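First the structure, in the form of structure tokens, and then the observations on it.
The values are calculated or read from the model by the stated rules, or taken from the named source; none is laboratory data. All values derive from a computational prediction rather than experimental measurement. Quick reminder, even Gly has a Cβ in these numbers, built from the backbone with ideal geometry, and neighbours come from all protein chains shown.
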Amino acid sequence: MALKIIGSGMGRTGTHSLKEALEQLGFGKCYHMIELLNNPKGLPCFVDAENGKNPDWDSLFTGYLSAIDYPVAKYYKQLIAKYPNAKVIHTVRDPESWYNSCMQTIFWASKPNASRIIKMLVRMPFSKDLRKRLPVLKYNGMLVDKEFGKNLKDKATVIKKYNERTEEVLATVPKERLLVFKAQDGWEPLCKFLNVPVPSTPYPKSNTKDEFIQNVKNMTKR
């Protein structure tokens with residue numbers, strides 16, 4: 001089954017809330033970084049994409065109608081070519097707010113300090129789940145380095161790269177296939193773009209900073 005929706009927006013731009021929204025709107029399961037962490041067997045597909053090979057996207061996305069967040073968004077060009085009828089949602093956020101959120105979540109998770117590394121190493125022999133997830137965590141750290149450089153405290157450079165991604169998406173994806181979306185815009189523009197009714201319930205809000213940090217800690221404890 002082909003993907004109907006592809007997300008090109010970076011993490012911490014409301015991608016988890018969008019995942020919940022798409023599932024609520026009836027677009028089946030939505031592939032998100034959480035799926036990769038829960039099932040690390042999908043990692044070789046993204047590694048193939050990173051190395052310029054032809055991944056078996058259909059097998060990876062079996063049972064999914066939408067795929068968003070990283071690492072999916074990193075390979076949006078391959079995916080929009082693979083699924084020419086899919087619509088593209090590019091989630092955005094105020095760059096300053098996005099950077100501050102990333103520093104406390106994604107960047108924090110991808111660059112553990114010595115204390116967190118030691119704790120993970122101590123738990124590793126006793127946690128099958130942690131051993132399975134370690135390659136995904138390493139891969140995520142590699143992606144962060146490639147996207148933003150190793151000096152994540154260089155705020156101006158990181159934000160510049162963030163803005164450049166949006167410019168690239170706007171120049172790449174045909175306008176009729178693209179929605180640039182902010183979570184605070186709510187259901188209306190999303191539902192109009194997808195041609196579905198607007199729900200009566202509030203637009204989802206999930207994966208806050210505190211939830212993100214707690215989820216990472218829980219995953220590295222198991």
Next on the checklist: Condition first: without any contact (Cβ under 8 Å) to a residue 12 or more places away in the chain and among the basic types (Lys, Arg). Now tell me which residues in region 1-42 satisfy that.
Outcome noted: Lys41
Checklist entry - Restricting attention to region 74-95, does a residue exist that is under 26 Å from Leu178 (Cα atoms), buried (at least 17 other Cβ atoms within 10 Å of the Cβ) and of a type in the set (Gly, Ala, Ser)? => result yes
Checklist entry - Looking only at residues in region 2-43 that are at positive phi and surrounded by fewer than 19 Cβ atoms within 10 Å (Cβ to Cβ), which one is nearest to the chain's Cα centre (by Cα)? => result Gly28
Item to check | Residue tally, condition assigned to a helix (DSSP H, G or I), surrounded by 15 or more Cβ atoms within 10 Å (Cβ to Cβ) and at pLDDT 80 or above, over region 105-140 | outcome: 12
Checklist entry - Is there any pair linking a residue in region 176-188 that is farther than 13 Å from Gly7 by Cβ to one that is assigned to a helix (DSSP H, G or I), with Cβ under 8 Å and at least six apart or on different chains, and which? => result Trp187/Ala21
Item to check | Meets criteria (out of contact with any Pro (no Cβ under 6 Å at 6 or more places or on another chain), of a type in the set (Val, Ile, Thr), under 24 Å from Pro44 (Cβ atoms) and in a helix (DSSP H, G or I)) for Val144 | outcome: yes
Next on the checklist: Residues that are modelled with pLDDT under 95: list the helices (runs of 4 or more DSSP H) wholly contained in region 1-93 that include at least 3 such residues.
Outcome noted: 33-38
Checklist entry - Quick check, is Ser101 assigned to a helix (DSSP H, G or I) and touching a Pro at 6+ places or on another chain (Cβ under 6 Å)? => result no
Checklist outcome for this item: Scanning region 151-189 residue by residue, those part of a helix (DSSP H, G or I), polar (S, T, N, Q) and within 24 Å of Glu96 (Cα to Cα) turn out to be Thr157, Asn163, Thr166, Gln184
Next on the checklist: Going residue by residue through region 59-74, is there one that turns out to be free of Cβ contacts under 8 Å to residues at least 12 places away in the same chain and of a type in the set (Ser, Thr, Tyr)?
Outcome noted: no
